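All remarks here apply to the structure that follows.
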Amino acid sequence: MNLNEHPELITRPEMHYVFVERVGSFMQNAGAAWQEAHKLAPALRENNQITGYMALYKMGPKIYRAGFSTEAEPVRVPEGMKYEIVPAGKYLRFVLTGPYTDLPQASGKVWEIVGEKKLGVRDDFAIENYVNDPSVTPADQLITHIMVPTI
C-alpha cells in the first residue's frame, strides 16, 4: 500500500455535492451506494457539470455518501439523490496512490495515525476525493485524497 503517512493541512473551499446516502456498515453499503450513484450520474449530467467524484463518511453513526461535486447548485437533482452544500473547512490530507481495493486498509491506517498523533478532529464528514479517472488510469496509478476534518 502506497500511503503518504504525513498529512498536509489544507483548507477546502465550499462545495456543491449531490449524493446517494447509506447508513450502516461501510463494507456492505459503499459498493451499493456507488452503483446507484453511477446509475444516476447520466441524469445528473443532463443539467449539471460534474467536477469531481467523492465519498463523504462519518465513522460514529456510520453514514456513507457516494457522490459528485458540481460546478454550481444543481438545476435538477435526480430522484434517489440528495444535494447539500459542504461548507469550507480545514482537513488533514493523506494521499493514497494505488487501487481502490487499498482504501479500507489505507483509511484504517489514516485514522490510526490521527489517533496516535492526537491530531484534533472536528465532528464532520471525512472525504475521499478520487483525483483521476479509473477508466483511463492504471489501478496502481490511481490517486485518492483521504481528508480528515480537523480543528
### Task
Identify the single condition in (1) exposed (fewer than 15 other Cβ atoms within 10 Å of the Cβ); (2) of a type in the set (A, V, I, L, M, F, W, C); (3) modelled with pLDDT of 95 or more that MET27 does not satisfy, given that it satisfies every other one.
(3)
### Message
Against the condition among the acidic types (Asp, Glu) and touching a helix residue (DSSP H, G or I) at 6+ places or on another chain (Cβ under 9 Å), how does GLU84 come out, does it pass?
### Response
no
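Return yes when ARG22 is over 21 Å from VAL121 (Cα atoms), surrounded by 15 or more Cβ atoms within 10 Å (Cβ to Cβ) and either of a type in the set (Lys, Arg) or free of Cβ contacts under 8 Å to residues at least 24 places away in the same chain (or both) and no when it is not. Reasoning before the result, please.
On the way: over 21 Å from VAL121 (Cα atoms): yes; surrounded by 15 or more Cβ atoms within 10 Å (Cβ to Cβ): yes; either of a type in the set (Lys, Arg) or free of Cβ contacts under 8 Å to residues at least 24 places away in the same chain (or both): yes.
Criteria met by ARG22.
Just the residues that are in contact with a Leu (Cβ under 6 Å, 6 or more places away or on another chain) and buried (at least 22 other Cβ atoms within 10 Å of the Cβ), please, taken from segment 55-80.
The first filter runs over segment 55-80 and keeps only residues in contact with a Leu (Cβ under 6 Å, 6 or more places away or on another chain), leaving 65, 78, 80.
Within segment 55-80, ARG65 is the sole residue that qualifies.
Residues of segment 52-79 being of a type in the set (Ser, Thr, Tyr) and either in contact with a Lys or Arg (Cβ under 6 Å, 6 or more places away or on another chain) or modelled with pLDDT under 95 (or both), which ones? First the steps, then the outcome.
In the first step, residues of segment 52-79 are kept if they are of a type in the set (Ser, Thr, Tyr); the result is 53, 57, 64, 69-70.
Correct list: TYR64 only.
For segment 73-135, which strands (runs of 3 or more DSSP E) that fit wholly inside it have 3 or more residues that are closer than 14 Å to HIS145 by Cα?
Numbers: elements: 82-86, 89-97, 126-130.
The strands (runs of 3 or more DSSP E) meeting that bar are 89-97, 126-130.
The values are calculated or read from the model by the stated rules, or taken from the named source; none is laboratory data. Since the structure is predicted, the reported quantities are computational estimates derived from the model, not experimental observations. Backbone-built Cβ (ideal geometry, glycine too); neighbour counts: all protein chains shown.
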